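K.L.:
Below you will find the structure I want to go over with you.
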Amino acid sequence: MMETTADGVVHVDKEEFMQLWQSIFMSTDNLLQLCNTELYHLFPEGALNTRVQLRDGTTVRYVNLDNAATTIPLLSVLERIAAEFDTYGSVHRGAGQKSKKTTEHYEAARRTIADFLHASTENYIFFTKNTTESINLAATVWSQKSGKILVSDSEHSSNLLPWLQNEGKENILQYKTNQDGTIDIAAIEKMFQANSDIKLLAITGSSNITGYKPDIYAIAELAHKYGAKIFVDACQLLQHKQLDVLPDTDSRHIDFVAFSGHKMYAPFGIGILVGPKQFFDSSTPYQIGGGNLPYITGELEILRYNTVQTFDPGTPNAIGAIALAESITTLQQLGLEKIADYEHSLVEKAFDALQTIDGVTIYVQKEHLGTVLPFDIEGFHSKLTAEILAQEYGIGTRAGSFCTYELIRKLKGISREQDQEIAQEVRQGITKNIPAVVRASFALSNNYEDLRRFIAAVHDISKNGAEYYLPKYEQKIDGSWDAKVN
Ligand SMILES: Cc1ncc(COP(=O)(O)O)c(C=O)c1O
């Protein structure tokens with residue numbers, strides 16, 4: 001039974017929803033209709049219909065455009081978690097039935113993730129708490145091997161600092177990305193030609209600011225040609241695009257992959273690291289303690305055999321792992337290509353509409369468009385724009401440098417002299433001039449109504465101009481803004 005709500009959003013039952021979903025490739029009309037449909041069959045109604053209070057005291061339905069930070073859980077994930085608690089017990093420890101059940105489901109989650117990435121049985125799937133921990137784990141182990149790490153100058157801090165800390169500055173090489181953050185493979189090759197001791201190239205699979213996706217397979221091939229391995233931070237990629245690590249012997253094989261559950265519709269702080277068994281079996285574990293080594297003699301000799309448990313110390317986040325596997329199963333059932341198509345149709349329309357609004361700068365080329373839209377409105381500090389979107393329109397975006405400082409400097413044209421001035425201020429605790437942009441990030445949980453509200457809001461803000469808002473908001477020393485209390 002199709003009904004149209006007062007907002008123009010179409011209400012359909014689950015069967016109709018799935019039919020629409022299945023047919024989105026068949027015509028643009030179907031896609032348009034789907035984007036206008038309530039998504040309660042995929043996400044909890046409460047989460048899609050949260051009402052928030054605005055500065056003037058009224059309430060509106062919250063529009064979440066901060067999905068690149070964290071996504072809301074899928075309904076199927078929440079249902080699975082609720083059922084899982086009935087049999088919840090300790091992992092890898094107890095003889096009781098509940099303990100065995102949870103252990104079984106935890107290990108099945110590992111297999112789901114391996115299958116999802118097409119990782120062979122020669123690879124381990126480690127559970128961590130997030131991408132950051134996965135990269136720290138990998139960096140600790142890589143630092144036990146000699147050689148240098150190659151990264152771009154536009155990496156997220158999570159894909160830079162763990163390498164830097166574990167290897168030391170002298171063992172980190174950086175190649176330059178273009179002004180818009182895109183990668184020139186020739187620049188990478190030059191680094192390999194000039195440095196014969198690169199052991200690993202670490203790269204982000206999809207930029208958290210521009211959505212740009214480098215050709216990781218071509219880059220993997222290049223790394224292998226020079227005897228190095230590749231590590232892909234895929235936490236902004238996998239929820240939108242299938243990543244196949246390819247057979248271990250393929251020259252384009254992706255050796256290491258890290259990602260987070262909370263960015264792909266599964267809550268509870270779960271992260272993944274995938275990498276070759278041989279590499280980890282020949283290394284000292286990242287953390288040790290209960291559960292990951294089978295025996296310690298009276299003489300304090302630590303015994304070890306080769307198992308995934310060596311890198312899985314203590315009691316794991318089993319529910320998080322099971323939730324992530326459930327999310328992956330649902331995304332696969334929906335089809336990642338269909339999801340990408342759906343999201344793209346929203347983001348492309350947002351891009352086209354933003355382009356027509358006076359004073360709006362968009363920091364991504366349409367050809368590289370992913371699910372994130374970095375932008376600014378002339379005359380507005382980025383964090384003020386994000387605050388106004390929240391306080392006046394109930395729209396959650398984010399503004400900042402997104403832990404990707406050099407890329408933000410490039411996008412905003414910040415010179416080295418300005419960089420030094422900002423650094424001088426930061427040393428004194430003044431962070432308000434750290435360069436920033438506003439990021440609206442879309443996901444499967446958004447529809448056209450969200451898009452319509454976002455575009456209307458940006459239009460209004462730009463039309464009103466900064467002078468209209470400045471008396472109503474004040475900036476704090478950290479650069480964020482608060483609405484003034486009347
Ligand atoms: C590209 C990229 N890498 C790493 C991270 C860190 O992810 P997590 O917070 O899940 O550790 C983020 C988070 O936004 C990211 O966007």
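K.L.:
Neighbouring Cβ atoms within 10 Å as the yardstick, rank Leu32, Leu42 fewest first.
P.N.:
Listing Leu32, Leu42 from fewest to most nearby Cβ atoms yields Leu32, Leu42.
K.L.:
For labels at Glu122 and Lys145 in the simple 7 Å Cα→Cβ model, what's the distance in nm?
P.N.:
Rounded to a tenth, the inter-label distance reads 1.3 nm.
K.L.:
Name the aspartates and glutamates eligible as straight-distance cross-link partners of Lys148: C-alpha to C-alpha under 13 Å, and not fewer than 8 places from it in the same chain.
P.N.:
Glu167, Glu170, Asp197
K.L.:
With contacts defined as alpha carbon pairs under 8 Å and 6 or more residues apart, what's the relative contact order of region 27-97 in percent?
P.N.:
26
K.L.:
Dipole size in debye (nearest 20) for region 78-333 around its Cα centre, Lys and Arg Cβ +1, Asp and Glu Cβ -1?
P.N.:
Its charge dipole is roughly 220 debye.
K.L.:
While we're on this one: Please tell me the relative contact order of region 78-333 in percent, rounded to the nearest whole number, where contacts are Cα pairs under 8 Å and at least six residues apart.
P.N.:
In percent, rounded to a whole number, it is 24.
K.L.:
Sorted from fewest to most neighbouring beta carbons within 10 Å, what does the list Lys148, Lys366 look like?
P.N.:
Fewest-to-most ranking of Lys148, Lys366: Lys366, Lys148.
K.L.:
OK, next. Straight-line reach only, C-alpha to C-alpha below 19 angstrom: list the lysines that Lys14 could link to, leaving out same-chain residues fewer than 8 apart.
P.N.:
Within the straight-line cut-off, Lys14 pairs with Lys338.
K.L.:
Any idea what the relative contact order of region 352-454 is, in percent, if you count C-alpha pairs under 8 Å spaced at least 6 apart?
P.N.:
31
K.L.:
Work out from phi, with θ = phi - 60° and the Karplus expression 6.51 cos²θ - 1.76 cosθ + 1.60, the ³J(HN,Hα) of each residue of region 262-270, listed in order in whole Hz, and give x for Gly and Pro.
P.N.:
Computed from phi, the couplings for region 262-270 are 5, 9, 10, 6, 10, x, 6, x, 10 Hz.
K.L.:
Gain in length, Ala83 to Lys98, computed as 0.36 nm per residue apart minus the alpha-carbon separation, to one decimal in nm?
P.N.:
4.1 nm
K.L.:
While we're looking at this one, here's another question. Give the shape of region 78-333 as rounded, prolate or oblate, defined through the alpha-carbon gyration tensor: a ≥ b ≥ c are the square roots of its eigenvalues, a/c under 1.5 means rounded, and otherwise the shape is prolate if a/b is larger than b/c and oblate if not.
P.N.:
Because a/c hits 1.5 or more and a/b fails to exceed b/c, region 78-333 counts as oblate.
K.L.:
With +1 assigned to the C-beta of every Lys and Arg and -1 to the C-beta of every Asp and Glu, and no other charges, what is the dipole magnitude of region 1-115 about the Cα centre in debye, to the nearest 20?
P.N.:
Value, rounded to 20: 740 debye.
K.L.:
Next up: Specify the angular offset, from 0 to 90 degrees and rounded to the nearest 10, of the alpha carbon long axis of helix 131-142 from the longest principal axis of the alpha carbons in the chain.
P.N.:
30
K.L.:
What aspartates and glutamates sit close enough to Lys476 to cross-link, taking a C-alpha to C-alpha distance under 17 Å and skipping anything fewer than 8 places away on the same chain?
P.N.:
Correct list for Lys476: Glu387, Glu425.
K.L.:
Mind sorting Met26, Met18, Met191, Met264 by how few other Cβ atoms lie within 10 Å of their own Cβ, fewest first?
P.N.:
Met26, Met18, Met191, Met264
K.L.:
If you don't mind, there's one more thing I want to ask. Can you list residues from other chains, or at least 5 along the same chain, whose modelled amide H is less than 5 Å from the amide H of Lys229?
P.N.:
Leu200, Leu201
Read the figures in this text as sums done on the coordinates, not as results from a lab. Values in this document were obtained by computation on a predicted structure and should not be read as measured data. In this analysis, Cβ positions are derived from the backbone assuming ideal geometry, glycine residues included, and neighbour counts consider all displayed protein chains.
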